[in-house]
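S.K.: Let me begin by handing over the structure; questions about it come next.
FYI, it's all coordinate maths here, none of it is from the lab. Computed from a predicted structure; not experimentally measured. Positions of Cβ are backbone-derived with ideal geometry, glycine not excepted, and every protein chain shown enters the neighbour counts.
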Amino acid sequence: MQTLSLKYPPRKPIKFLIIFVIAILGGITLSSFWHFQNRLQPEIPLAGGETTVFNRSSSSFEQPLANLDETEKKKHTESNTAFEANFVTKPAPIHPGLGPFFNNASCAGCHLKNGRGLPEPGQLLVRVSAPKVNPVKPGNYHLEGSVKIDNLPPVLGLGTQIQDFAIYGQKPEAIVNVEWQEQTGQYSDGTSYKLRSPQPKITLPNGQPILPEIQKSLRVPPPVFGLGLLEAVPEKTILNLADPDDQNQDGISGKANQVWDAQKKSEALGRFGWKAGNPTLIQQNAGAYANDMGITNPLFTDGEKLTDIDQKTLDLTTFYVQTLAVPARTLLDDPQVKRGETLFAQANCVSCHLPTLKTGNHPVKKLANQTIHPYTDLLLHDLGAGLADHRPEFQASGTEWRTPALWGIGLTQTVSPYSGYLHDGRARTLEEAILWHGGEAETAKKAFRSMTQENRDALVRFLKSL
């Protein structure tokens, strides 16, 4: 597969000066300035197409799509307020409805500056399900007015997600603590490394540990920028990329997840969440309101069909996530980055982390028909026993995970220092994240382990340029 090799053409000093003066006099933002300049150079591939922003600061994941008009920008700002809202207990006049059990009190409380969360209380989630029960047809465990839309039976007293905080006068469903277990390994050149994995200690209100046979899956909040573009990728594109039987015999057998659409009350293609368990962003958000905060909403009401937020609030939060931009790549002319990009392709990482996709139609028109570079195929892949949670989710097995997008990954710890990688935040560095890969990615991991220090550094530098 051809890899991207992006290069900015030189700018003429006079043209650059004129544009810069216009930008200063017009009072436009730096992000808007770079977007305007880039429109004069349409041959440059951009991570998010025309929506891309040129901001690689600690606020890089908080920028609206670069091509929004003034009305859309105003709506994005309004929707940011909904995303940032901190909920409290009833009957407060502002943002009531928190609990009685919850993980956090706001969307922004988990998705720090729209980036990854940490494997810490208030951000780390634990999905659970009854032991030794096979998944059933999507929707069979969906109850009207219930937030439990998983296709696995809930655990008595815990449901399908542990809520480890509670409002005053209530006890949390359980207390979750994580201990870290370290293991060592060596690269082919003899350089040693350490990997860590989480060992959850879950205690029920009665002081007893959770039954060991209960299926558990630890999840850190993923970044939320660029999701509108991924929602706009046509379903046909994703399905055409799937190769569940590995007919081309390349060792990669990505498959699509089929999940439950709570709006349409039918099966649908899953594309969001660590196992692609949600079909749309509005359902992803509605489920987070209900499960993470205990906030009932029009999609997931309580038993009496009552809601804590209205449709407008849910729509605004969804619009905010849909219109978060992707930051542009950097260091495009750096020889080490170029070599790392080549090594990334040679190791066949691009078979799952597909560099280029195209969006189709979308209700947010500015997301439509963009050539984007997310480095994902949005499919499920078996990553081996090392990363297995042994908990299926719809058609995803206990060893399968959806390929996460890599755009912006080089800014992860710029936005939120100490952030980890992978579904449970176990990887402290990009090197550790690569070394945890197995299953379909075993060959790619071995290729990385056998590289020289110089080449490993180059590949990681490439990732940090994204």
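S.K.: Each label point is 7 Å from the Cα along the Cα-to-Cβ direction; what then is the distance between the points at E70 and T89, in nm?
M.R.: Distance between label points: 4.6 nm.
S.K.: Still on this model: Does anything in the range 154-171 have its amide N under 12 Å from the 7 Å Cα→Cβ label point of L211, and if so which residues?
M.R.: Only 154-158 pass the distance filter.
S.K.: Work out from phi, with θ = phi - 60° and the Karplus expression 6.51 cos²θ - 1.76 cosθ + 1.60, the ³J(HN,Hα) of each residue of the range 115-121, listed in order in whole Hz, and give x for Gly and Pro.
M.R.: x, 6, x, 10, x, 10, x
S.K.: Oh, and also: Given R₀ = 30 Å, what would the calculated FRET efficiency be for T356 paired with S57, taking r from the Cβ atoms and rounding to 0.05? Mind showing how you got there, number by number?
M.R.: On the way: r = 26 Å, r/R0 = 0.87.
The pair T356/S57 has a calculated efficiency of 0.70.
S.K.: Please give the net charge around G360, taking every other residue with its beta carbon less than 14 angstrom from that of G360, where Lys and Arg add +1 and Asp and Glu add -1.
M.R.: Details: positive: K236, R271, K358, K365, K366; negative: E231, E235.
Net charge around G360: +3.
S.K.: Moving on. Length gain on complete extension for the stretch D333 to E179, per 0.36 nm per residue less the alpha carbon to alpha carbon distance? Don't skip to the answer; put the middle values down first.
M.R.: Numbers: separation 154, 0.36 × 154 = 55.44 nm, distance 4.23 nm.
Stretched fully, the D333-E179 segment lengthens by 51.2 nm.
S.K.: When only Cα pairs under 8 Å and 6 or more residues apart are kept, what is the percent relative contact order across the range 56-466? Intermediate results must be reported in sequence, preceding the final value.
M.R.: Working: 888 pairs, mean separation 85.2, N = 411.
Reported as a whole number, the value is 21 percent.
S.K.: Something else about it: With θ taken as phi - 60° and the coefficients 6.51, -1.76 and 1.60, list the Karplus ³J(HN,Hα) couplings across the range 326-332 in order, rounded to whole Hz; mark glycine and proline as x.
M.R.: Listing the rounded values in order: 9, x, 5, 5, 10, 6, 5 Hz.
S.K.: Please work out, to two decimal places, the log10 of the ratio I(q)/I(0) at q = 0.08, 0.10, 0.13 Å⁻¹ from a Debye calculation in which every Cα of the range 56-466 carries one identical scatterer.
M.R.: The calculated log intensity ratios at q = 0.08, 0.10, 0.13 Å⁻¹ are -0.42, -0.67, -1.18.
S.K.: Taking θ = phi - 60°, what integer Hz values does the Karplus form 6.51 cos²θ - 1.76 cosθ + 1.60 yield along the range 69-81, in sequence order, with x for Gly and Pro?
M.R.: These are the phi-based 3J(HN,Hα) values: 7, 5, 5, 5, 5, 5, 5, 4, 5, 5, 6, 4, 4 Hz.
S.K.: Sticking with this structure for a sec: Grab the DSSP H runs of the chain that are 4 residues or longer, score each as -39,500 (n - 2.57), total them, divide by all residues and round the 222 nm result to the nearest 500 deg cm²/dmol. Don't jump to the answer; show the numbers that get you there.
M.R.: Values: 13 runs with 124 residues, N = 466.
Calculated at 222 nm, the ellipticity per residue is -7500 deg cm²/dmol.
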